[in-house]
Amino acid sequence: MNPITTLTRAWLTRSFQPFTFQNEYDQVLDYQDCENLGLYVHIPFCRSLCNFCPYCKVRYQQDLCDQYIDALLEEIHLVGSQSCNRKKVTSLYFGGGTPALVANRIKEIIDALNEHFEITEGIGLELHPDNVNIPTLQMLKEAGITKISIGIQSFSDKYQKILGRHQIDLEGIKKALHAVSFETVSMDFIFALPNQTFEDLKADIDQAFELGANHVAIYPFIDFTFTTSQVSALPKKEKRKLLDQITNYCLDQGFYRSSIWTFSSHEQAQYSSMTRDNFLGFGCSATTLLKDQFKINTFDIASYCQRIQERKLATSLTIRFTLRQRMIYWLFWTAYSTRVNANDFEHFFDAPLQNMYGFELWLAQKLGFITKQDDLYEMTLKGAFYYHYYENFYTLAYIDKMWGILKNESFPTKITL
């Protein structure tokens, strides 16, 4: 474990107790009273497997895919039927993998969720650039999709080759997006690739908005230990310069910054599956976050389907939070939006933020990481970079280790982080 994350965790949780995930779970989930509850559905199928991608995925096979979707529908009803009434939720997001590969069954999944949940803020879905065509987009829109996110990574042939991707059909994408409209059209890009420059990223962002996007996400390249990618990320100093340059460019363009690395042409165009107080996850590798626990489903499709056929949840691991651990989790992912409202914290935990972390907030202001106006704390450019820097440590120290184990073991006995 990296000493930076270990010491930071011990300080902020006021305990040397590690994050311990056990091979156990609650069959009945206590989500009925959760506010700001989101939904996530994982579709783990791809036509081809990108070697830099860390997410749970397998090569598409129609028979296996149909079996998986059938199990997914059962899981939705298994969890959803635990509530007497339709539970109001903020949003629904389909991730993967490549969810658009099952475009013909997306409506079936949404209909199943609508039996148990009332979705109030729209439905998002991720697409590979090859999926951006008029028939697929029309099918998704008719199913109820209101937001789409296209995994471009880079328009540059140079970086497409580095990432093992092929050339993108720009005219085809532009034509399809013009023909079928969505509330949010987001395009994802990777930054901090070898020798990448501000001009490279600026060209990507300009091209995205020219093609029809109203939102862009610029994620840092992270070298997960269990992927086969040979790509090396930029050094820290160059990465910070690049992040500052692209942030300043987007702000100068008048774009709204909705998170550390997402920008949109107007505030209403938003796409994020991460910043929810609580969420329910369905499918392989999907996670569920509730008031006092976090659980993650098995990564193995066969094990997932078997568990669901037995009318049991496919949970692989669960952590029971201490109060301080839950506070840190809430603060970490809320800060992803670059702003934390003290009133929201107090509403969620029934405790004043200043009382719990007053010294840390004072220190962050003194170091130039955040500014404060009334009850709102906002990150500076410096703070955003160091959030990203720590998030990189967190990812490699926690997520990398956990996912690496779960990719090889369906139901490990315990993981201590």
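The values are calculated or read from the model by the stated rules, or taken from the named source; none is laboratory data. What you see is a predicted model, and the numbers here were worked out from it, not measured in a lab. Please note: Cβ atoms are built from the backbone with ideal geometry, for glycine as well, and neighbour counts cover all protein chains shown. Quick note on the areas: whole protein, heavy atoms, side chains included, nothing else; ligands and nucleic acids left out. Shrake-Rupley method; radii C 1.70, N 1.55, O 1.52, S 1.80 Å.
Quick notes on this structure:
- Per-region count, region 289-327, residues open to solvent by 30 Å² or more (accessible area, probe 1.4 Å), over 18 Å from Tyr31 (Cα atoms) and not polar (S, T, N, Q): 6
- Checked against the criteria, Phe359 does not count as over 18 Å from the mean Cα position of the chain (by Cα) and open to solvent by less than 10 Å² (accessible area, probe 1.4 Å).
- A search for C-beta distances below 6 Å between a residue of region 151-177 that is over 21 Å from Asn195 (Cβ atoms) and in contact (Cβ under 8 Å) with a residue 24 or more places away in the chain and any residue that is of a type outside the set (Ser, Thr, Tyr) and open to solvent by 60 Å² or more (accessible area, probe 1.4 Å), counting only pairs 6+ apart in sequence or on different chains, returns Ala176/Ile134.
- All strands (runs of 3 or more DSSP E) inside region 319-417 with 3 or more residues being without any contact (Cβ under 8 Å) to a residue 40 or more places away in the chain: 370-373
- Of everything in region 134-155 that is more than 18 Å from the chain's Cα centre (by Cα) and of a type in the set (D, E, K, R), the residue that is surrounded by the fewest Cβ atoms within 10 Å (Cβ to Cβ) is Glu142.
- So Glu126, is it within 30 Å of Ser229 (Cα to Cα), open to solvent by 50 Å² or more (accessible area, probe 1.4 Å) and among the acidic types (Asp, Glu): yes
- Test for Pro44: is it buried (at least 19 other Cβ atoms within 10 Å of the Cβ) and under 19 Å from Leu406 (Cα atoms): yes
- Looking only at residues of region 137-156 that are β-branched (Val, Ile, Thr) and assigned to a strand (DSSP E or B), we find that the one that is farthest from Pro220 (Cα to Cα) is Ile148.
- For region 90-121, a residue qualifies if it is touching a residue at least 60 places away in the same chain (Cβ under 8 Å) and either β-branched (Val, Ile, Thr) or out of contact with any helix residue (DSSP H, G or I) (no Cβ under 7 Å at 6 or more places or on another chain) (or both), and the qualifying residues are Thr90, Ser91, Tyr93, Gly95, Ile109, Ile119.
- Taken across region 270-283, residues that are more than 21 Å from the chain's Cα centre (by Cα) and not aliphatic (A, V, I, L, M) do not occur at all.
- Residue match in region 273-280 (condition: surrounded by fewer than 23 Cβ atoms within 10 Å (Cβ to Cβ) and over 27 Å from Tyr389 (Cβ atoms)): yes
- Evaluation of Ile110 against (1) farther than 30 Å from Phe226 by Cα; (2) open to solvent by 30 Å² or more (accessible area, probe 1.4 Å) (one fails), failing number: (2)
- Tyr159 vs. criteria in contact with a strand residue (DSSP E or B) (Cβ under 8 Å, 6 or more places away or on another chain), modelled with pLDDT under 95 and not in a loop (DSSP other than H, G, I, E, B): yes
- Cross-chain or 6+ apart pairs with Cβ under 6 Å, region 198-211 first and among the hydroxyl-bearing types (Ser, Thr, Tyr), then surrounded by fewer than 16 Cβ atoms within 10 Å (Cβ to Cβ): none
- If the condition is being surrounded by fewer than 20 Cβ atoms within 10 Å (Cβ to Cβ) and assigned to a loop (DSSP other than H, G, I, E, B), then region 52-93 contributes Cys53, Pro54, Tyr55, Tyr60, Gln61, Ser81, Gln82, Ser83, Cys84, Asn85, Arg86, Thr90.
- Looking only at region 373-414, and only at residues there that are more than 17 Å from the chain's Cα centre (by Cα), among the charged types (D, E, K, R) and over 24 Å from Tyr25 (Cβ atoms), the one that is most open to solvent (accessible area, probe 1.4 Å): Asp374
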